[in-house]
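Working notes for the structure below.
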Amino acid sequence: MATERTAAIRPAIDAALVGRLVDTQFPQWAALPLELLDPAGSDHVIYRLGEELSVRLPRHIGAIGQARKEFEWLPRLAPHLPLAVPVPVGMGEPDFGYPWPWAVSCWLDGEVATAEALADSSEAAVELAGFLAALQRFEPEKNPALGNPARGNPALGVGEDLTVRPLVARDRATRAAIAEVGGAFDAAAMTELWDAAINAPGWDGPPVWFHGDFHTGNLLTVDGRLSAVIDFGGLGIGDPACDLTIAFTLMSTRSRALFRAALGVDDATWIRGRGWALATALNAYTHYAAVNPRVAAQTTRQITEALIG
């Protein structure tokens, strides 16, 4: 269990530390070169290890359960998914002052997907709908280790994750963010959408798998076509509406309609998905937009598209 000391720190992570961790715990890969992947997101520091592997180390305590969750579940999910995923091949332990578990995974080549390249792609929209449909078909009730997946499960690593809770759990933070950014966006329209999302009927089907952080930054392309989905740290079981965020980070109005039809999304789930897109975009915008132009552009698009519907 994390102590107050580890909860307060962000460990210094550099190539020397990563090299020592790999050399001592995975000597079969000790001779492979390390190359920092930058930017790598807010949760992990990532190094490419040789040509075929990557090393991911959590930056903060909020990400420390992701390595074990992915190590447990991605090998099981991968054969059922139509796009590649980064299957873990080794779990590292704390050492040399680094306090948390870390992972070695298969490296996936590709460029990060962009709206500029794929917003109007009907092929990409249908492919992403197919990916989510395949993920949702992986039946949690056939995995006894999950216990009661409808309530989340700490053994899976998602029992306390916000993406497992109802959308209304984000109500206070989202309303505060709307008030904070009201000068940049239409506060009345955001409030109307948010009210509709949190008052929409909840998910009434069986709990299904969701990615939990399904946006352009976690999609890879090769030669302009979708090739892989990465970063399953938010993987969980419950309401799949959170994964509809991709429709508002990547797609245009036209391709979004194709995506929705291919996935068969009902009205209540769609409005909750728009709410997820709004809430997550506002959270990122208020935390990072002022210091990161890339995040500012991406979240501005996400908020705008979520309001369009």
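If I filter region 55-63 for residues that are modelled with pLDDT under 95 and assigned to a loop (DSSP other than H, G, I, E, B), do I get at least one hit? Checked against the condition, which is being modelled with pLDDT under 95 and assigned to a loop (DSSP other than H, G, I, E, B), region 55-63 yields at least one hit. Among the residues of region 78-85, is any touching a residue at least 40 places away in the same chain (Cβ under 8 Å), surrounded by 13 or more Cβ atoms within 10 Å (Cβ to Cβ), in a helix (DSSP H, G or I) and β-branched (Val, Ile, Thr)? No, because not a single residue in region 78-85 is touching a residue at least 40 places away in the same chain (Cβ under 8 Å), surrounded by 13 or more Cβ atoms within 10 Å (Cβ to Cβ), in a helix (DSSP H, G or I) and β-branched (Val, Ile, Thr). Only residues that are surrounded by fewer than 16 Cβ atoms within 10 Å (Cβ to Cβ) and either polar (S, T, N, Q) or farther than 22 Å from residue 97 by Cβ (or both): list them for region 39-63, please. Within region 39-63, 39, 42, 50, 51, 52 qualify. Close Cβ contacts (under 7 Å, 6 or more residues apart or on different chains) running from residues in region 278-297 that are touching a residue at least 12 places away in the same chain (Cβ under 8 Å) and assigned by TED's automatic domain parsing to the domain that holds residue 175 to residues that are outside any loop (DSSP other than H, G, I, E, B) and charged (D, E, K, R) comprise 279/170; 286/180. Only residues that are surrounded by fewer than 17 Cβ atoms within 10 Å (Cβ to Cβ) and either part of a loop (DSSP other than H, G, I, E, B) or free of Cβ contacts under 8 Å to residues at least 40 places away in the same chain (or both) were counted across region 12-31, and they come to 9.
Quickly run through region 265-294 and pick out the residues that are surrounded by fewer than 19 Cβ atoms within 10 Å (Cβ to Cβ) and either touching a helix residue (DSSP H, G or I) at 6+ places or on another chain (Cβ under 8 Å) or under 15 Å from residue 215 (Cα atoms) (or both).
Step one: list which residues in region 265-294 are surrounded by fewer than 19 Cβ atoms within 10 Å (Cβ to Cβ), which gives 266-268, 283, 286-288, 290-294.
Across region 265-294, the qualifying residues are 283, 286, 288, 290, 294.
Right, residue 208: exposed (fewer than 15 other Cβ atoms within 10 Å of the Cβ), in the same structural domain as residue 273 (by TED's automatic domain parsing) and more than 13 Å from the chain's Cα centre (by Cα) or not? For residue 208, the condition - exposed (fewer than 15 other Cβ atoms within 10 Å of the Cβ), in the same structural domain as residue 273 (by TED's automatic domain parsing) and more than 13 Å from the chain's Cα centre (by Cα) - is not met. So in region 93-109, with the set limited to residues that are in contact with a helix residue (DSSP H, G or I) (Cβ under 7 Å, 6 or more places away or on another chain) and of a type in the set (Phe, Trp, Tyr), which one is farthest from residue 17 (Cα to Cα)? This residue is 102.
The values are calculated or read from the model by the stated rules, or taken from the named source; none is laboratory data. Remember, it's a predicted structure, so these values are computed and weren't measured experimentally. Positions of Cβ are backbone-derived with ideal geometry, glycine not excepted, and every protein chain shown enters the neighbour counts.
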